[in-house]
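Quick notes on the structure that follows.
The values are calculated or read from the model by the stated rules, or taken from the named source; none is laboratory data. Note that this is a predicted model, so its numbers are computed, not measured. With ideal geometry, Cβ positions are generated from the backbone for all residues, glycine too; neighbour counts draw on all protein chains shown. These area figures cover heavy atoms from the full protein model, side chains too; ligands, DNA and RNA do not enter into them. Shrake-Rupley method; radii C 1.70, N 1.55, O 1.52, S 1.80 Å.
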Amino acid sequence: MADISIRNLVKTYPGGTEPATKNISLHVEDGEFMVLLGPSGCGKTTLLRMIAGLELPDAGAIAIGGRDMTYLPPNRRNLSMVFQSYAVFPHRRVRQNIGFGLMTRKMPKDEIAKKVAWAAELLQLTPYLDRYPAQLSGGQRQRVAVARAIVVDADVLLMDEPLSNLDALLRLNFRAELKKIVEHIGTTTVYVTHDQVEALSLGDRVAVMEAGKIAQLGHPMEVYDRPADTFVGGFIGSPPMNFLDGQVADDRIIFGEGASIPAPAAVPRGPIRIGIRAEAISIAANTPDLVPAVVDVVEPLGAATLLTVKVADQSLKVQVPPSQRVSPGETVLLHFAPDSVRLYDPQTGLGLVTSQ
Ligand SMILES: Nc1ncnc2c1ncn2[C@@H]1O[C@H](COP(=O)(O)OP(=O)(O)O)[C@@H](O)[C@H]1O
Ligand SMILES: [Mg+2]
């Protein structure tokens, strides 16, 4: 096992105008599950491939377990990878596919058999060991790829959107299983996804990337609860964080006529953007500082009901219990949980002093 130290990585592809990674630094602890999360094209795969040695950086350094690996070929880094596509050998049985890395490392046959049996059991592949990949479902093929990756005792496990080719239900089940397996084996893992739910559910920490940079690095709940900027808040969460523009005056943040909340003490006067999650807003009565809103859309989702409402011409999402009866066109009074109001610079989108 090993930690990964990434320093100032810059990579521009030939013909590329913008660098795919712009001076990225990141430290992954020994045994940590690090998720790289971001929209398509933000540089996640490029960063992962540089860790793997499949791409070389223009500048910067990568060390694994304290050893510089920046320019070493992939096979000298003792890592294993799982890709989005099921990279399994079609003409080898599941057993040989899983054991492939051990064979190339010239492990004795009986030891290979033992390790393959262990990995197959962990990934529920034992009944399929003698099948060929063509005789497996997509989900099972991806299990083979994961089994092959974990069987070799690599220092580092790298995964690039391993669940994204699976259908929704399979993805959900496999996600929980993958979490259990990686926790069990304890290998340092870097996991790439554009799916924020996957990132929150799997990561010890999440590095949210935007256009070749890390916009925020933190524990999943930290990133969810206190987005560093409006990009992160708008990317994470379903629905994403609400943003509402207002003006700070006389100790209040004013959104419009009769719609204001108390301003935290340290906020400067002038324009401001607040961020608040749908579940931090409730419909209330008989409490001070309520914000009037007109209900636009009511969406019952089963466990909760999602409302789209208008506050002074700005749209926001509010999550209420399914028992709450509201109709489109109705005016409601909203309570913004004061501890959940985040403040952003409306020009730059960067977080201001936290409200706590
Ligand atoms: N082989 C390549 N040649 C040229 N440009 C590339 C290549 N691979 C990726 N890029 C570009 O680099 C940027 C980052 O891509 P990538 O790392 O694949 O992002 P992600 O995995 O987050 O979707 C994108 O603008 C993409 O078009
Ligand atoms: Mg990618």
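So here's what we get for this one:
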| quantity | calculated |
| --- | --- |
| Of the criteria (1) surrounded by fewer than 20 Cβ atoms within 10 Å (Cβ to Cβ); (2) free of Cβ contacts under 8 Å to residues at least 24 places away in the same chain, which one PRO264 fails | (2) |
| Qualifying residue in segment 86-100 (condition: small (Gly, Ala, Ser) and open to solvent by less than 10 Å² (accessible area, probe 1.4 Å)) | yes |
| Any hit, segment 256-263, residues being touching a Pro at 6+ places or on another chain (Cβ under 9 Å), in a loop (DSSP other than H, G, I, E, B), on the phi < 0 side of the Ramachandran plot and of a type outside the set (D, E, K, R) | no |
| Residue that is among the charged types (D, E, K, R) and surrounded by 14 or more Cβ atoms within 10 Å (Cβ to Cβ), where the choices are ARG273, ARG269 | ARG273 |
| Candidates THR188, THR193, filtered to the one that is more than 16 Å from ligand 1 (Cβ to nearest atom) and open to solvent by less than 10 Å² (accessible area, probe 1.4 Å) | THR188 |
| Some residue of segment 164-179 being more than 23 Å from THR21 (Cα to Cα), among the polar types (S, T, N, Q) and crowded, with 16+ Cβ neighbours inside 10 Å | yes |
| Boolean, GLN347 is open to solvent by 60 Å² or more (accessible area, probe 1.4 Å), in a strand (DSSP E or B) and at pLDDT 95 or above | no |
| Residue within segment 39-58 that is among the acidic types (Asp, Glu), open to solvent by less than 20 Å² (accessible area, probe 1.4 Å) and modelled with pLDDT of 95 or more present | no |
| Selection count, segment 160-207, where residues are among the acidic types (Asp, Glu) and under 11 Å from the mean Cα position of the chain (by Cα) | 4 |
| Residues within segment 278-317 that are assigned to a strand (DSSP E or B), in contact (Cβ under 8 Å) with a residue 40 or more places away in the chain and under 11 Å from VAL332 (Cα atoms), tallied | 6 |
